[in-house]
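Peer 1: The structure is given below, and queries will be raised subsequently.
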Amino acid sequence: MPHFSYYPEQIIEDGLKACQLSILGKIITNKPIFASSIQNGLENIWGSPPGFKIQEIEGKFLQFFMNNDEDQDRILYGNPWIFRNSWLIVKPWDRETDPRTMDFDHVPIWIQLWGLPPHCKTKAMGNHLGSLIGEVEASEIYEYPGKQTIIKIKVAINIHKPIPSGIHVGNPTDGTCWIDYRYEKLPQTCFNCGLVGHEAKLCRNSALNTDTIAPLGPWIRSTQYGRRKMDEKDRKFYSNPSHSPNFGKYSPPVPAALLAQLAAIKLQSQPTEKNNQNQNMEEPSQQEDSYNGINKNTNQQLTLDRNVQQKSVYMQNTEQEAIISIEANHQVKRLKMA
């Protein structure tokens, strides 16, 4: 019996195809996780992707299978997801990467920065403050109701570290000010130790020192997402065509292939048009001939009728003359006998 075996790629094609349309995920919680218990919940959240099924793999990782790459991209784009008040971090499956070595310790999350002076509300300031928390993925200017403008940053935070409630910033000219952090899509968080994944009444960690930082509470969550404020360079490519200076005045060159195709169609349609014209010209001629034929037949019939009438009158006259002649002969015979 051999002690090793080589397997060719052909015998694992079906498995590779299924895994290429799969997603790896991990739920950040201290509660026990069972794949069978979350199937229905995720189907409701993700819109019941066709072929959706869950398989639990070692290390509390989950593998989600589906049939369409559109669903796969949509789910990956929405990372992280909130499931039962816990973060569900998702990542694409990679054949060459062991799930146990994947980074499920950092979650990209939007953080709102409230309290910056008006002249400090720049994307560069957002990148600067975001780099103090983690890797910055985006820094944007957003507008909120009441014409309030703030900076929002998307930062990959470490789930094993307490989330900060804000930060002191300062400048020799401007002095100092406190910047409040407001988190979007924040799951269950312990306001005692600042960690995500459990609540305060079950916390066994040391409490945060509130002597130098603001305390945590439900107010650090934000359900208002605002509207991104476009830069001038973005406005140049705004999608409304009527805003273009050459709207309705410019058309790109017509492809030569399209012109050739239209010319060929026109040539093919010309013989058909000529045939239709000839048929249309022949139809009146045929109708005229038919009309003439009908008139000719009518005239011939009238002539025959007149001839018949004339013959009938002639025969009637001849019969009358014959009768008169016979009667005259009979009278002559009667006179001779007398």
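Peer 1: Spot the failing condition for residue 122; the list is (1) modelled with pLDDT under 90; (2) hydroxyl-bearing (Ser, Thr, Tyr); (3) farther than 21 Å from residue 221 by Cα, and only one is missed.
Peer 2: (1)
Peer 1: Right, here's the next one. Among the residues of the stretch 160-167, are any farther than 30 Å from residue 62 by Cα and either of a type in the set (A, V, I, L, M) or loosely packed, with under 13 Cβ neighbours inside 10 Å (or both)? Walk me through how you get there before you give the answer.
Peer 2: From the stretch 160-167, those farther than 30 Å from residue 62 by Cα are 165-167; that's our starting set.
Still in the running and either of a type in the set (A, V, I, L, M) or loosely packed, with under 13 Cβ neighbours inside 10 Å (or both): 167.
Yes, the stretch 160-167 contains at least one residue that is farther than 30 Å from residue 62 by Cα and either of a type in the set (A, V, I, L, M) or loosely packed, with under 13 Cβ neighbours inside 10 Å (or both).
Peer 1: Test residue 160 against the criterion of being within 19 Å of residue 30 (Cα to Cα), in contact with an Asp or Glu (Cβ under 9 Å, 6 or more places away or on another chain) and touching a residue at least 24 places away in the same chain (Cβ under 8 Å), and give yes or no. Working first, answer last.
Peer 2: Details: within 19 Å of residue 30 (Cα to Cα): yes; in contact with an Asp or Glu (Cβ under 9 Å, 6 or more places away or on another chain): yes; touching a residue at least 24 places away in the same chain (Cβ under 8 Å): yes.
Yes.
Peer 1: Within the stretch 242-252, does at least one residue satisfy the condition of being within 30 Å of residue 167 (Cα to Cα), basic (Lys, Arg) and modelled with pLDDT under 80?
Peer 2: Quick first cut of the stretch 242-252, residues within 30 Å of residue 167 (Cα to Cα) only: none.
So far as the stretch 242-252 goes, no, none of its residues is within 30 Å of residue 167 (Cα to Cα), basic (Lys, Arg) and modelled with pLDDT under 80.
Peer 1: I need a count of the residues in the stretch 2-52 that are under 22 Å from residue 87 (Cβ atoms), of a type in the set (Val, Ile, Thr) and assigned to a helix (DSSP H, G or I).
Peer 2: 2
Peer 1: Can you spot a residue in the stretch 134-149 that is surrounded by 17 or more Cβ atoms within 10 Å (Cβ to Cβ), at pLDDT 90 or above, over 24 Å from residue 104 (Cβ atoms) and touching a Leu at 6+ places or on another chain (Cβ under 7 Å)? Show your work before the answer.
Peer 2: Just the residues of the stretch 134-149 that are surrounded by 17 or more Cβ atoms within 10 Å (Cβ to Cβ), to begin with: 134, 136, 139-142.
Adding the requirement that they be at pLDDT 90 or above leaves 134, 136, 139-142.
Those still in the list that are over 24 Å from residue 104 (Cβ atoms) too: 139-142.
Filter once more, so that each one left must be touching a Leu at 6+ places or on another chain (Cβ under 7 Å): none.
The answer is no; no qualifying residue exists.
Peer 1: I'd like the full set of residues that are closer than 14 Å to residue 128 by Cα and without any contact (Cβ under 8 Å) to a residue 60 or more places away in the chain, limited to the stretch 138-152.
Peer 2: The answer is 138, 139, 151.
Peer 1: Still on this model: What are the residues in the stretch 53-68 that are within 25 Å of residue 98 (Cβ to Cβ), surrounded by fewer than 17 Cβ atoms within 10 Å (Cβ to Cβ) and either not assigned by TED's automatic domain parsing to the domain that holds residue 19 or not β-branched (Val, Ile, Thr) (or both), if any? Show your work before the answer.
Peer 2: If we filter the stretch 53-68 for residues that are within 25 Å of residue 98 (Cβ to Cβ), which is where we start, we get 53-66.
Next, only the ones that are surrounded by fewer than 17 Cβ atoms within 10 Å (Cβ to Cβ) stay: 53, 55-60.
Listed by number, the residues that qualify are 53, 55, 56, 58, 59, 60.
The values are calculated or read from the model by the stated rules, or taken from the named source; none is laboratory data. All values derive from a computational prediction rather than experimental measurement. Here Cβ is always computed from backbone atoms with ideal geometry, including for glycine, and neighbour counts include all displayed protein chains.
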